[in-house]
């Protein structure tokens, strides 16, 4: 039987993988993918809580729908920025885009 | 639990064994005359031109980005459709406003020429 | 399945509606208008903002809930909307001439600023974490694009990307925190969370959730361990956008933080105030100490904005009615003086951002020199400017709540900050002008914005009582 704890464990593992990816990956697209992983970890939490704790109200599930939309919007903005940078630098390695002091 | 899954496990073992035996048999019994065509990944079809990781024009990228935006909005249409009858006219108006705002975005994109291919 | 009929109340969202409609109108008109007729777009935008400001004022002193408790109209949200809208108004007015100079005069600029303002207003007047998150994202997504609006400038591109990566990372934390809070309290409604936190037993989830939310909002308000994006983004972004980022979104972050910490978690003040105490001290000290060695004025103001976030955090630690009202007063004063200082940098252009370029400014542009000096005095906290009054109220609220040590650290920090603010003034007044470039007349709308922010800075400094009463009247009361 899969319980709430299984979902929470899965979500926290995904979240940690996401954080790890953001901190170690140097390619802007990979960083973006890691951020999406973090968002989806939160989504799993929302849906699991909604299913197990408040099955009557759908707050969590509705929130997940909104998060999916926002993640998509964020992805489009990020891809647009990446294209813009690639046109100038021919490079999307985060470490090498460093004209400003970090 | 064991009882319910036992037939499936049995079938799995049988299938795997069968496949294994057939592959082995054909290997030992058949005659092999390798040729260039036979060893290629796809024996028939069109010859691949260039690397699959080749670059695409950035126009595809733009279309893909626009696609993501309009694609995701469907997410809101499904839950709306489920309770459509309960919402009555109110739901229709709300969704109309939502789609109208999207339409403004679409209008902007078209007018800006983001969808023009040339 | 339970069924709630949505209670739609267009009256209470009228300021938001005005901003949204104007933003959409600008977006539609942008591709339709050609050439010189595009000049009308900024005027449509600022008139829209002014209308929204009027409608906020007409909604003053009303308390109404709407949209299934998703949206709340109270004086607290109205006060913050006044902060956002006046910031937006100043930014729009001062960026007209700048955009033409930089050859990036596009209608999208104004549309995005308005959408960002819409997001902030949503954040300030929401009782539900879903709407707070949505507002935050609407605001942030617009700002990411705006930071990279000088498309052909590498610095601008880079600042946009850094802002995006770090901002989205922070949103991930915030979202996970909200999920945890939802799991712990079974609700995303702040009122229900409030009822839950008043109980005797609080699960671990609640504190994990609150911690993650603090991290997420900490990035947005640029408090100490989460500040590293600030200088780079401020330096690379177009100057009007830097002014915008440093005022509105910061205030919006604080409005959400105030609602979450002092409203929903008000009964757990002892538990979180210690963490915030440390954050406030570190934020103030870090911002001020690093700002001492800056030579680029945009970076200097970036570190100064980190320090100012620290001062507002002091008010949050103090809590209570005086803490909330002093934080709000501080944010209002900061909006005027900070955007005011940026207006002069906007006028001087993107190439003159080193402190040396400001030498002898007062002989060349006497008005600009004197007003910049005024804003610097105000940021440093000299009487009779708004900065002094704001700091005075914040520190006295800290002392009132028994955080005397924190107030002393804050005062010492403002002494440190005097050095780098006065350095700018000294460079302007004492040194000879470096170049003999043609003197440019001050554009009308930029001058208007400057006048408005000078008025704000002086009015809040000399006659603070009226606005302080407003702030005191706009404290949310626990239901």
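None of the figures in this text is laboratory data; all of them are computed from the coordinates on show. Quantities reported herein were computed from a predicted structural model and do not represent experimental measurements. Counting neighbours? That spans all protein chains shown, and the Cβs are built from the backbone with ideal geometry, glycine included.
Quick rundown of the values:
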item: Cα gyration tensor category, rounded, prolate or oblate, for the stretch C:1-89 with a/c compared to 1.5; result: oblate
item: Gyration tensor (alpha-carbon) shape descriptor, chain B, a/c threshold 1.5; result: oblate
item: Shape of the stretch B:58-112, Cα gyration tensor, a/c cut at 1.5; result: oblate
item: Förster-model FRET efficiency, 22 Å R0, residue B:102 and residue C:32, C-beta, rounded to 0.05; result: 0.75
item: Residue B:95-residue B:32 FRET efficiency (beta carbon distance; Förster radius 56 Å; 0.05 resolution); result: 0.30
item: Nitroxide proxy distance, nm - points 7 Å out along Cα→Cβ at residue C:463 and residue C:192; result: 4.7
item: FRET efficiency for residue B:47 and residue B:110, using Cβ-Cβ distance with R0 set to 35 Å, rounded to 0.05; result: 0.35
item: Partner chain coverage, peptide A:61-74 - average Cβ within 10 angstrom; result: 6
item: Set of the stretch B:55-94 residues, backbone N closer than 17 Å to the point 7 Å along the Cα-Cβ line of residue A:62; result: B:75-88, B:90-94
item: Backbone N within the stretch C:4-47 under 17 Å of label point (7 Å from residue C:62 Cα along the Cβ vector); result: C:7-19
item: Nearest-ten-degree value, helix B:58-72 long axis tilted from longest Cα axis of chain B; result: 70
item: Residue C:399 paired with residue B:39, simple spin-label distance in nm, labels 7 Å along Cα-to-beta-carbon; result: 9.0
item: Mean Cβ neighbour count within 10 Å, used as a protection proxy, ranking C:240-246, C:465-471 highest first; result: C:240-246, C:465-471
item: In degrees, nearest ten, helix B:84-112 long axis to first principal axis of chain B (Cα); result: 90
item: Label-point separation in nm, residue C:271 to residue C:204, each point 7 Å along Cα→Cβ; result: 1.4
